[in-house]
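Below is one structure; the comments refer to it alone.
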Amino acid sequence: MSAEATLDQPKRHPLSAWFLRWVCSTNHKDIGTLYLFFSLAMFLTGGVMALLIRTELFQPGMQIMQPNTYNNMITMHGLIMVFGAVMPAFVGLANWMIPIMVGAPDMAFPRLNNWSFWLLPFAFSIMLSTLFMQGGAPNFGWTFYAPLSTTYGPPSTDFFIIAVHMMGVSSIMGAVNVVATVLNMRAPGMTMMKLPIFCWAMLITAFLLIAVMPVLAGAVTMMLTDRHFGTSFFNAAGGGDPILFQHIFWFFGHPEVYIMILPAFGVISEIIPTFSRKKLFGYSCMVGATASIAILSFIVWAHHMFVSGIPLGAEIFFMYATLLIAVPTGVKVFNWITTMFRGSLSFETPMLFAIAFVILFTIGGLSGLMLAMSPVDYQYHDTYFVVGHFHYVLVPGAIFSILAGVYYWLPKWTGHMYSETLGKWHFWLSTIFINVTFFPMHFLGLAGMPRRIPDYALQFTDFNMVATVGAFGFGLSQLLFLAVIYKTIRGGVPATAQVWEGAQGLEWTLPSPTPHHTFDTPPLITD
Amino acid sequence: MEFRKRCCQRLQKCIVGLLSCILPSAAMADMQLNLTRGVTPVSHAQYDLHMMIFWICVAIAVVVFGVMFYAIIRHRKSKGAKPAQFHENTTVEIIWAVVPFLILVVMAIPATKALVLIDDTENADINIKVTGYQWKWQYDYMDEDIQYFSNLSTSQDQIANLAPKGVHYLLEVDHPLVVPVNKKIRFLVTATDVIHSWWVPALGIKRDAVPGFIHESWATIEKPGVYRGQCAELCGVGHGFMPIVVVAKTQEDYEAWIQEQKDQKDEQKAAANKTWTDTELMDLGEKTYNKTCAVCHQTSGQGMPPTFPALKGSPIATGPVSEHIDIVLHGKSGTAMQAFANQLSDTELAAVITYERNAWGNDTSDTVQPSDIAVAKGQQAPMPASTQGQMEKVTVDVDKEYPKEELMTQGEDKYLQYCSVCHQANGQGMPPTFPALTTSTYVNGSAEDHIDRVLNGVPGTAMQAFKQQLNPVDLAAIVTYERNAWNDAKGGVVQPKDIVSRLNGDNKQQSTAQGESK
């Protein structure tokens, strides 16, 4: 429309017009779209790897791959899902939504925004290319513990290091952009305590990213120098310590976990009030809880290392600190439920995903509470119990919140309503199969199955079969999601500006689809 | 045709598998759903805590989800629910922050007690050192002088689905750890290569085995039995294939077992002295190869290049025997190739080398006898003794005090021959890979550290161990040269006997020799 007209003034070759529109774009909505499609592509890539892993584990014995390939797959699956699927999806949502939620014309640094995104396809091309390198892809798990990743890492580890650096640069720049936009570009009258809760979540997440991505960069750089320049940061024979790696990694890694879940909290806190037709209960407590979780995330890292030989005092400290996280997390869950309580609930697809999020994330949170108990963690650690736990918080947690957000905002983005029938099929199949996949993993872990093994003892067979069936069910259900997106972009019932009866906020004052440029003059917030 | 048949079989298996998911299969009956209660005080404490938190979690879930489903059922728009207006209440917020906190305190108290129990490794009756290797465990009875390796004993055929799988598939080993019941056993857990984790659920022990560090753990096993576990930390290709089997015996049985081990050791010595036939060596070699070497170099000898080179047609396996023996005994620093000198018996080593030199078309028709291995191992001793004549010469040389000039001349000669390729004739090296010696803290520091560096090399770097490459006189000459050539002759003189004392200190940790050199 008018926006399109301003873009391609002189007639250009279609390819060069496409190139200008998408590759050179500095528009937050375009970049948001790029992030989301990139994340979808990575989600499917990582998903195919997950299915290969589950196929291998369908029954005992080596079935379709060698142990080394299996290790490549678990490493790549983890890295791609964390850095390629979940994180970019939230940055995509933030890009799309923050400016129109705070009444800004665009992100604070549009060109930086373009660069942040375009680093990612190159980073992941490098990362994925390692699969075809001599000696194979990285095979040390997404946590890349030294010395398995240093002295014993395959040659492709160096490509992995450079890819991680690029992702880190991308994340830091994206985070800087979010912070600058939220702090400086709010419409007049929008005080911090009137900020939409999703923006709060992204703001806090952005601070976490700025704090810990450099730590990750430090860790991989130390790996690089250990590998090639004769340093011994992580090598005891040279005066270093392999456990140092774990401290550094988890100092990044635990806040990273919250980087993947705090934005999810934000999305869910937007959706539940809309479909409850009631204001979010305890807004200021929700903000406070999010901030507390973020701060606590810096002092709990060693709960990933309870069996690594840290001293008794450290075990006790990190156990207490970890247990403490249950308090603000509990506050969030209670507030969501109270928001729903005595509301006027309706159950469109985004709300269904949000409710499933609250339930299944809580289950993941409760198993997290069990894992926080250091003495029992001696039994749970590095078993399928842990795999079950973190997939519960990441798949029906982070991924479901992304799906919920996409369904919630898709009419606003495309101007069309999605097919509610397909959406509900997608929801119910995903929810059922996710539980079929991940719930049995708790039993496997308790019965003694270690994680990251390509083959297992006979008594673990039945549950592994169930999990594999569930994984294929979940994977195939996502094809419905592709169909929903394709159909909604192509057409459908036109969406109103408000879209949802109970929706509140600046973004719902804009027409659907949102024009290419919005809030050229800032709106005034009065209430 | 063959392929189709296999596909059919696989499909059949899949269908059976799917069915077994739906129908409760026979295996379902004895399937473990919960944590094991175990047989040690620690595992009992863990189990009790586990059940306590589990029920607390269930209770929280029932309350939270109960309220939620109440709202979902009662407060739906389709039933005409009108939204209430409340959206803030500080009192409730405080209550639902404080109540969970109190629940956490209740959980934390017994957890702290259990941690203190786990940490108490004092007053142990038996000390066993557990060392993780890629991909096996070594057990060292520190009070008994018994050490052995414990390898997966499931056959490669079972793993490759070529043979039916046994009951203890992947959870069985050739030499289990044998311990007595009702004794406090302290485990000292470490590793040689990467991080492993020694986990036996029934003992309540999971301890990361970290190379270069020793971590402690303990168990007092209450009843005799076989307890199985696995490595719990990703440690490379063989991570899923290094199980742990602990056999707990009564005190008498345990003592009998100890005696048996000692007798066996004597028998092994006898076996090493006899001459083995080709077929005996090949048979034992194949067994040992498949158990120890095949994970990396593959049963076919094809390896997984470039990380794990092929042995089939390799220059090592078809070249000079001595080099082949050397690499198997001492490994190759900076690679995954371990030193097997202490992992396998002389007989096994001889057999495996014979096998590698004759299998897969490597038809060198060389046979290596246990006695050859013993000789090769003997060369590790301070005085290289390849020929009688040389040995005499070296013996005489070592005791002599050499004048500085002679050492410097010989040192320069040997330095240019062995060291200057990397460290350069002017001692400037090629940093960062080959450090400069002129400014090195080793060359300018204490003589012992300098000697140790030259003798033992630096694992993971290009710096080799020279202790077997040069005789003590040459070594002394080189060290003396390095300490004086570029540093205004301030470094002092190192005599061959200093080298020998460091070598002995190295091997036997004799403090007397060390004291002398100081």
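Annotations
- Positions within segment A:225-240 being within 7 Å of chain B (Cβ to nearest Cβ) and either farther than 16 Å from B:P435 by Cα or among the aliphatic types (A, V, I, L, M) (or both), in sequence order: A:N235, A:A236, A:A237
- Looking only at segment A:298-323, and only at residues there that are at the interface with chain B (Cβ under 7 Å from one of its Cβ atoms) and not β-branched (V, I, T), the one that is nearest to the chain's Cα centre (by Cα): A:L323
- Matching option when the condition is modelled with pLDDT under 95 and of a type in the set (A, V, I, L, M, F, W, C), among A:M73, A:M101, A:M107, A:M65: A:M65
- Residue within segment A:374-385 that is under 21 Å from the mean Cα position of the chain (by Cα) and surrounded by fewer than 24 Cβ atoms within 10 Å (Cβ to Cβ) present: no
- Among all positions in segment A:414-422, there is at least one residue which is closer than 23 Å to A:G32 by Cα, more than 14 Å from chain B (Cβ to nearest Cβ) and not in a loop (DSSP other than H, G, I, E, B).
- Residue list for segment A:443-455, restricted to those being within 7 Å of chain B (Cβ to nearest Cβ) and not in a helix (DSSP H, G or I): A:G448, A:P450, A:R452, A:I453, A:P454, A:D455
- The criterion of being in contact with a Pro (Cβ under 8 Å, 6 or more places away or on another chain), touching a residue at least 12 places away in the same chain (Cβ under 8 Å), assigned to a helix (DSSP H, G or I) and of a type in the set (A, V, I, L, M) holds for A:V466.
- Each residue in segment B:201-219 was checked for being within 9 Å of another protein chain (Cβ to nearest Cβ) and aromatic (F, W, Y), and 1 pass.
- From the options B:Q469, B:Q424, residue that is at negative phi and either modelled with pLDDT under 80 or surrounded by 16 or more Cβ atoms within 10 Å (Cβ to Cβ) (or both): B:Q469
- Residue in segment B:200-213 that is part of a loop (DSSP other than H, G, I, E, B), crowded, with 22+ Cβ neighbours inside 10 Å and free of Cβ contacts under 8 Å to residues at least 40 places away in the same chain present: yes
- Residues of segment A:411-425 that turn out to be among the hydrophobic types (A, V, I, L, M, F, W, C) and in contact with a Gly (Cβ under 6 Å, 6 or more places away or on another chain), as a count: 1
- The set of residues from segment B:305-364 being surrounded by fewer than 22 Cβ atoms within 10 Å (Cβ to Cβ), in contact with a helix residue (DSSP H, G or I) (Cβ under 6 Å, 6 or more places away or on another chain), part of a loop (DSSP other than H, G, I, E, B) and touching a residue at least 12 places away in the same chain (Cβ under 8 Å) comprises B:K312, B:F340, B:A341, B:S345, B:N362, B:T364.
- Single residue of B:A111, B:A59, B:A71 found to be over 25 Å from B:K223 (Cβ atoms) and surrounded by fewer than 19 Cβ atoms within 10 Å (Cβ to Cβ): B:A59
- Note on segment B:288-301: among residues that are out of contact with any Lys or Arg (no Cβ under 6 Å at 6 or more places or on another chain) and part of a loop (DSSP other than H, G, I, E, B), the one that is surrounded by the fewest Cβ atoms within 10 Å (Cβ to Cβ) is B:S300.
- No other residue among A:Y407, A:Y392 is away from chain B (no Cβ under 12 Å), closer than 30 Å to A:H516 by Cα and surrounded by 24 or more Cβ atoms within 10 Å (Cβ to Cβ) apart from A:Y407.
- Of the residues making up segment B:56-85, those that are more than 57 Å from the chain's Cα centre (by Cα) and either aromatic (F, W, Y) or in a helix (DSSP H, G or I) (or both) are B:I73, B:R74, B:K77, B:S78, B:K79.
The values are calculated or read from the model by the stated rules, or taken from the named source; none is laboratory data. Keep in mind that this is a model prediction, so the values were computed, not measured. Here Cβ is always computed from backbone atoms with ideal geometry, including for glycine, and neighbour counts include all displayed protein chains.
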